[in-house]
Amino acid sequence: MRDDNRIRLQLRCRGTVQGVGFRPAIHRIATNLGLDGWVINDPQGATMEIEGPAEVVNDFLARLPVEMPPLARLERIEQEERDPLGEEGFEVRNSTLGRRQGALVPPDALLCDDCRREMEDPGDRRFHYPFTTCTNCGPRFSLVRALPYDRERTSMGCFPMCAECDREYTDPSDRRFHAEPVACPQCGPELWLADGQGERLDGGDPLVTAREGLLAGRIVAVKGLGGFQLACRADSSEAVTRLRRRKKRFGKPFAVLVRDLEKAKRTVDMDSASETLLVSPRAPIILAPRRDGAEVAPEVAPGLDDLGVMLPTTPLHVELLRDPQMPPLVMTSGNLSEEPLRRGNREAVAGLSGIADYFLLHNRDVVRRLDDSVVRTSPRGPALVRRARGWVPEPLPLPVSAPAVIVATGGHLQVTACVAQEDQAFLSQHVGDLDSVPAREFLGEVIEGLLDFLQVEPAMIIADAHPDYPSSWMARDLGDRFGAKVMAVQHHLAHVAAVLAEHGRFPGPGERCLGIALDGTGWGPDATAWGGEWLALSGGLEWNRLGHLEPLPLVGGEAAVREPWRVAVAALQRQGEDQLVALTPMAAQIEKTSLATMVRLAADTSWPMASGAGRVFEAAGALLGVGDVNRWEGEAAARLEALASRASGTPESWPGLEIEAMDGELLMPSSRLLVEVARRAADGEALSSVAAGFHATFCRLAADLTARVNGAERGVVALGGGCVVNRILSTCLAEELEDLGFEVLLPRNVPPGDGGLSYGQAVFAAVSRARGVEPRQVD
Ligand SMILES: [Zn+2]
Ligand SMILES: [Zn+2]
């Protein structure tokens, strides 16, 4: 029956529309409305043709955005009218292959409630099955080898579906229609338990034995979605200490896995925005203040007030915590300290057999190694600290469309890589510190993986300006291999660019912006270590250093980064106040002779100088006795923050300290600030109050400096750098700056520290390419 009112539209959908139940949703809406046509996945995303009476087609268009499945992100629809064909019925067609041209796969997502219910239903065929998944949840990026996203191009390709799964997979009205990782106990991956040497233990339910082992204080290596994790009960000091000793990870906090939201709320103090994130498909680790009565041993996060909590994200995690009496579990990456996660069964057993008592193994491959993401709560809203599972490969915005494909290789610590293509930047998952060879290999793997996934070759490579970072060598190698131009970007400029770009506020041509990078260490063009920088940046990529922290000597070079007490002594010595050293809590932790030697060494004027804000915070921590040595990056500063958070009342900024002008430069008086810390501690002021006063004074001075370098002008200030993770610092400084009339941008979806560096580098490169300009330092 033909109808003159009939129209046919072709709709090309862009965004995350594969692997999210997009086609079934289209099928459902179209068949409900009695429309005819088809839908297909293609290299650009998904395309459909729909045909029917004009008003019904319009109804379809109105329902489309509202009835999207939870994981879909529809970025754009291109629409074109076609001649009606008069076909009958609506069909879901198989994918067309081809070079990827914009199609995206979503990040891995938290197990959904429907799947969870099935796992808890004794009558369901997936009762307790630890690989249960559907169209709305489960692994995506971690198991996809190539696009378009179809089962044969995932690590599920080697598991032929049983008849029952096949029926679910091919029935457009089933909630597992085209759920590529669909599986059941008959046809899907199999779980088994092995002993500490990797020998398979047969007999009994592997999950029951694993849970009993955990309850008995054993360490279990669990093959998760993105690689191996190590688990032990978090409420046992003995178990946690054993894990630390075997893993050689001392001091650095562990995250804990809790059974449900109620337990999470009893463990940490979350605001509603963080709670929403915790239960969202992204399901990150939430870093929030520990609550009294949390069932977590102090060894989990020694010296810190925050705890990282996460919910079971996969069916396997749900099964591990099935019994209500299961205590929270420490969940940490399955590696030796500072190495990347182990991936394969054999590789994991080889690397972890001295650490784990049991291995919970299965026969599904981990295609991409992926850590858990970490979000920290803050009065200004939750902010990402580590970006991995749940976020990657979701693209970030670019201020311009990149005329060529760009690869950015990051810095040296907490490294990520970034690939920019057109107006999207793909920030990789967290790789980690590049001190070890396996970590460097992981970075290479991540870059190859991204290029492969996007099916592009780079025309431009960008690295940190530090010539000797392994990531900089890697950039040069990539440049040679692809015949691509290699460009370097100053570390703190990249931090500032990342914040501006994330908020869509990178300066346009002719515009100028202000950025403050409060960071550890980064290569400065004057060959000193920068790290507390006030920078102006124009849309033409001209930049200048407007002000900075007073540089302090790194007595003993790199050793001073690991041992902040050296910087503390040097600061007091510089102000002729070294007699204070013996009166601070630090004197109880460092041998008298070492302190005396350090005072003498600090008088030497040939030590390398560093203006890093991290150094000043850590030195203050050392003076107050909460961190003479950094066992992990920023430890002393994190402990200082924890100390400050215990202070009562509102801290006042200390009088008598002002911004200084030295050789025509404006400086924050770091050494005088540290003298004040030492003097107050020596005078017997409560240490938490000194720590809080230090934060308040630092922020007041930083705001003053911002106003001074900017003249009468106000406008946007971007705050970036690793120190911005500090909740007290970022909140207080933002308030001070806003009181002065600035608009403050803080990192949200990109880690403020070096985890966001590669994104800032890619932003710089894209702007450089699009505007035909090069970064240039001007006075
Ligand atoms: Zn599900
Ligand atoms: Zn099956």
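The values are calculated or read from the model by the stated rules, or taken from the named source; none is laboratory data. Remember, it's a predicted structure, so these values are computed and weren't measured experimentally. Glycine gets a Cβ as well: all are built from the backbone with ideal geometry, and neighbour counts include every protein chain shown. Keep in mind that these areas ignore ligands, DNA and RNA; they rest on the heavy atoms of the full protein, side chains included. Shrake-Rupley method; radii C 1.70, N 1.55, O 1.52, S 1.80 Å.
Starting from the Cα of D171, step 7 Å along the direction of its Cβ; do the same at A712; then give the gap between the two resulting points in nm.
In this crude spin-label approximation the distance works out to 7.4 nm.
By per-residue mean of other Cβ atoms within 10 Å, what is the highest-first order of 756-765, 20-29, 274-283, 603-612?
Going by the mean number of other Cβ atoms within 10 Å, highest first, we get 756-765, 20-29, 274-283, 603-612.
Farthest toward the dipole's positive end in the chain, which of G634, M326, L701, given Cβ charges of +1 (Lys, Arg) and -1 (Asp, Glu) about the Cα centre?
The Cα lying farthest towards the positive end belongs to M326.
Can you find, among L554, T528, A420, the residue sitting farthest towards the positive end of the charge dipole of region 417-563, where Lys and Arg contribute +1 and Asp and Glu -1 at Cβ?
Going by the Cα projections, it comes out as T528.
Would you mind computing the Rg to Rh ratio of region 376-452 from its alpha-carbon coordinates, Kirkwood style for Rh?
With Rh from the inverse mean 1/r over Cα pairs, Rg/Rh is 1.01.
Nearest 20 debye, what's the magnitude of the dipole of the chain about its Cα centre given +1 on Lys and Arg Cβ and -1 on Asp and Glu Cβ?
Values: 84 positive and 109 negative charges, 241 e Å.
That gives the chain a dipole magnitude of about 1160 debye.
Using the 4.7 Å Cβ rule, please list in number order the cysteines from the chain without any candidate partner.
C13, C115, C134, C158, C165, C184, C232, C418, C513, C723
Which value, in debye to the nearest 20, gives the size of the charge dipole of region 1-127 about its Cα centre, when Lys and Arg are +1 and Asp and Glu are -1 at the Cβ?
The dipole of region 1-127 has a size of about 540 debye.
Run through every distinct alpha carbon pair of region 349-494 and return the Kirkwood hydrodynamic radius in angstroms, one decimal place.
Numbers: mean 1/r = 0.0602 Å⁻¹.
Here the Kirkwood hydrodynamic radius works out to 16.6 Å.
Figure the gain on full extension for F250 and E542 (residue separation times 0.36 nm, minus the Cα-Cα span) and round it to one decimal in nm.
100.8 nm
Which of the DSSP-defined H helices in the chain satisfy a minimum axial length of 30 Å, computed from C-alpha atoms, and a minimum mean Kyte-Doolittle hydropathy of -1.0?
Membrane-span-like by this rule: 687-709.
From largest to smallest, what semi-axes in whole angstrom does region 527-581 give when each is the square root of 5 times an eigenvalue of its alpha carbon gyration tensor?
30, 13, 7
So between D124 and D292, what do we pick up on full extension, going 0.36 nm a residue minus the alpha carbon distance?
Numbers: separation 168, 0.36 × 168 = 60.48 nm, distance 3.97 nm.
Stretched out fully, the D124 to D292 stretch lengthens by 56.5 nm.
If packing is taken as the average count of other Cβ atoms within 10 Å, what order do 215-222, 595-602, 73-80 fall into, highest mean first?
Ranking the peptides 215-222, 595-602, 73-80 by packing returns 215-222, 595-602, 73-80.
Principal axis extents for region 280-437, Cα atoms only, whole Å, descending order, please.
56, 44, 31
If R0 is 41 Å, what FRET efficiency do you get for A62 and R117 from their C-beta distance, rounded to 0.05? Mind showing how you got there, number by number?
Numbers: r = 32 Å, r/R0 = 0.77.
Here the calculated transfer efficiency is 0.85.
If you average the alpha carbon positions of region 142-194 and of region 705-778, how far apart do those two centres end up, in angstrom?
44
At a 10 angstrom cut-off on C-beta neighbours, averaged per residue, how do the peptides 56-67, 385-396, 652-663 rank from highest to lowest?
Peptide ranking by packing, descending: 385-396, 56-67, 652-663.
Given +1 on the Cβ of Lys and Arg, -1 on the Cβ of Asp and Glu, and no further charges, what dipole in debye does region 583-692 carry about its Cα centre, rounded to the nearest 20?
On the way: 9 positive and 15 negative charges, 77 e Å.
Dipole about the Cα centre, nearest 20: 360 debye.
Hey, what does the equivalent ellipsoid look like for region 159-304, semi-axes from the Cα gyration tensor as sqrt of 5 times each eigenvalue, largest first, whole Å?
So the equivalent ellipsoid measures 33, 24, 12 Å along its semi-axes.
Tally Lys/Arg at +1 and Asp/Glu at -1 over every other residue whose Cβ is under 13 Å from the Cβ of A707; what's the total?
Details: positive: R700, R708, R714; negative: E658, D704, E713, E736, E738, D739.
That works out to -3.
Under 8 Å for C-alpha pairs, at least 6 residues apart: give me the relative contact order for the chain, rounded to a whole percent.
Relative contact order of the chain: 11 percent.
At a Förster radius of 30 Å, what calculated FRET efficiency corresponds to the Cβ-Cβ distance of D202 and V437, to the nearest 0.05? Spell out each step's value before the answer.
Details: r = 37 Å, r/R0 = 1.22.
E(calc), rounded to 0.05, equals 0.25.
With 18 Å as the cut-off, how large is the P(r) tail for region 1-111, expressed as percent of Cα-Cα pairs?
47
Using the beta-carbon distance between E738 and E457 and R0 = 51 Å, what value does 1/(1 + (r/R0)^6) give for FRET efficiency, to the nearest 0.05?
Working: r = 45 Å, r/R0 = 0.88.
So, using R0 = 51 Å, E works out to roughly 0.70.
Could you please put R211, R176 in sequence from largest to smallest accessible area, using a 1.4 Å probe?
R211, R176
Count charges around E743 for me, please; just the other residues with Cβ under 11 Å from its Cβ, Lys/Arg as +1, Asp/Glu as -1.
Local charge sum for E743: +1.
Given S142, P107, I77, which one lies farthest toward the positive end of the charge dipole of region 31-155, if we put +1 on the Cβ of every Lys and Arg and -1 on the Cβ of every Asp and Glu?
Comparing the listed Cα positions along the dipole, S142 ranks first.
How far apart, in nm, are two points set 7 Å out from the Cα along the Cα-to-Cβ line at E190 and at T528?
Placing both labels 7 Å beyond Cα along the Cβ direction yields 6.5 nm.
In nm, to one decimal, how far is the modelled label at E87 from the one at R266, with both set 7 Å along Cα→Cβ?
5.7
Using every Cα-Cα pair within region 465-623, state what percent have a distance larger than 26 Å.
Cα-Cα pairs in region 465-623 separated by more than 26 Å: 41 percent.
Tell me, what is a quarter of the convex hull surface for the C-alpha atoms of the chain, in nm² with one decimal?
Taking a quarter of the hull surface, the average projection is 35.0 nm².
Where a Cα-Cα gap under 19 Å defines reach, which aspartates and glutamates qualify for K485, not counting those fewer than 8 residues away within the same chain?
Cα-Cα hits under 19 Å: E422, E448, E457, D464, D468, D477, E774.
Taking the convex hull of the Cα atoms, report for region 165-233 its projected area averaged over all directions, in nm².
So the mean shadow area of the Cα hull is 6.1 nm².
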